[in-house]
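Worksheet: the structure to be examined is printed underneath.
The values are calculated or read from the model by the stated rules, or taken from the named source; none is laboratory data. Just so we're clear, the structure is a prediction, and the values are computed from it rather than from any experiment. With ideal geometry, Cβ positions are generated from the backbone for all residues, glycine too; neighbour counts draw on all protein chains shown.
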Amino acid sequence: MLQRILGLADLGGPVRRALRWDGISAAVGGVSAGAMFPFLAVIARRDLAASSYLIALLGAAWSVGNFFSPLMAYCIRDREKLPYAVWPPAVSRALFLLMPLAVAAPTFVAVCCLAFAMGSLAAPAYAAVIRDAYPVERRGVLMGFVRVLFMGGSMLGALAGGFVLARVSYRWVFPAVSMVGVVGVFAFSRIGVRAAPEEAPAGRVHVWDGFRVLATDRLFRLYSAGFFLWGLGNLIMSPVVPIFQVDVLGITPQWVGYLATTASALSMAGYLYWGRMLDRHGPFRLLLRVLAVAVLTPVTYALTHSLPPLLMASAAQGVAMAGGDLGYVNAAMRFAPRASVASYAALFAFLQALRGIPGPFIGAALSEWLGPRPVFLIAIGLWCISAGTLFVGLRVARAMEETRSATAGDQVAP
């Protein structure tokens, strides 16, 4: 059954090797991530009395590294990409060994932010490696399967983390599970795809050359705008959700584990579904359907007064985030020529940094000013604008495809 879904029977040996080690890395790394990441904001708020702005800083941390992605892509343009997809996340995980020192909220948040920023530097190199690892006609399905393994590990990690953290301090739990994450990162180094250096273009290359893509590639520009707004809505909600859970609903570590496990379980099904859809229908249709599912999360948070309905919100979040994740990592591979994948990925990550750094702080400020529930409605409004942008992109993509078909027909007509 699995071979039929993934089409493993006719995959070549190098693709199978890449899938095997990518999958092992994802499963092991998922255990580590699941045992830590869902609990960070709750621990910072409940145990260390972190302010809403420190919580927002946690949400913005990944984007700090993304902000430097164009510089990272520029520096590795003439080098093999695999080492730069391995060392940043390895160092990122190892930084959690500093958690025994994090006895106050500012120190705790600083360690997390430094680790997240370091890990996000791998985005350009990772995109180039995966672009060469999997055939384009199966890439969505294969990447979706790898992420199913990640979410399976994350689900187990979240359940174990909720149990252990109720009994043992995060200062000792997080360093231990971070080393599991390091093992997963180095499993990825055996993927067998080096991702060769890019061909040197004529003339001098500048770090800002990659930004010209926004002026020349209309489809990439429209997709990036739609994805930007979708992510901005998520980021505005990111500091509000744990504050709402702790301050309004009085959530416990066990319930954090339940919600994270629900999101992980639904993500596993979502990755397989979205992967097949991405291969068949492309990124614009994918993200439009993601938005239709995602809206259940802010609607539920805006209306609920108890914990059980959050299970439905987490389920919708898990399905939607699976689609958004596949859209994110495939954007550069879909729109870029092979030699420009790292540059496209870097630019896409940079654009996400532009929303990711201010987004959580905007959400925290709005929550302080309006209260948490109206923030969820603001996110819905942003997603409506995102859907409109994606509809325009879908129509442009169709028009371009029709033009190419007509041109090809003229060339072969008698």
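When you look at Gly30, is it surrounded by fewer than 19 Cβ atoms within 10 Å (Cβ to Cβ) and farther than 23 Å from Val240 by Cβ, yes or no? In short, no. Which is within 29 Å of Arg20 (Cα to Cα) and under 21 Å from the mean Cα position of the chain (by Cα), of Leu71, Leu114, Leu97, Leu121? Matching residue, one of Leu71, Leu114, Leu97, Leu121: Leu121. On the given criteria, is Ala320 more than 17 Å from Ala122 (Cβ to Cβ), at pLDDT 85 or above, over 16 Å from the mean Cα position of the chain (by Cα) and among the small types (Gly, Ala, Ser)? No: the conditions fail for Ala320. Only residues that are touching a helix residue (DSSP H, G or I) at 6+ places or on another chain (Cβ under 6 Å) and aromatic (Phe, Trp, Tyr) were counted in region 146-190, giving 4. Residues to consider are Ala35, Ala90, Ala85; find the one that is in contact with a Gly (Cβ under 7 Å, 6 or more places away or on another chain) and in a helix (DSSP H, G or I). Unique residue meeting the criteria: Ala35. Scanning region 92-112 for residues that are surrounded by fewer than 17 Cβ atoms within 10 Å (Cβ to Cβ) and either in contact with a Lys or Arg (Cβ under 7 Å, 6 or more places away or on another chain) or closer than 23 Å to Ser25 by Cβ (or both) turns up Leu97, Pro100.
Selection of region 61-90 for residues being among the small types (Gly, Ala, Ser), touching a Phe, Trp or Tyr at 6+ places or on another chain (Cβ under 7 Å) and more than 12 Å from Pro124 (Cβ to Cβ) yields Ala61, Ala90. All conditions but one from (1) in a helix (DSSP H, G or I); (2) modelled with pLDDT of 85 or more apply to Asn330; the one that does not is (2).
In region 129-140, the qualifying residues are those that are at pLDDT below 85 and surrounded by 23 or more Cβ atoms within 10 Å (Cβ to Cβ), and the one that is farthest from Ala85 (Cα to Cα) is Gly140. In region 185-202, the residue that is nearest to Gly29 (Cα to Cα) out of those that are modelled with pLDDT of 75 or more and of a type outside the set (A, V, I, L, M, F, W, C) is Ser189. Please determine whether any residue of region 265-272 is in a loop (DSSP other than H, G, I, E, B) and farther than 17 Å from Gly161 by Cβ. No: zero hits. Tell me, yes or no, whether region 214-225 has at least one residue that is of a type in the set (Gly, Ala, Ser), at pLDDT 75 or above and crowded, with 16+ Cβ neighbours inside 10 Å. Within region 214-225 (the criterion being of a type in the set (Gly, Ala, Ser), at pLDDT 75 or above and crowded, with 16+ Cβ neighbours inside 10 Å), the answer is yes, since at least one residue qualifies.
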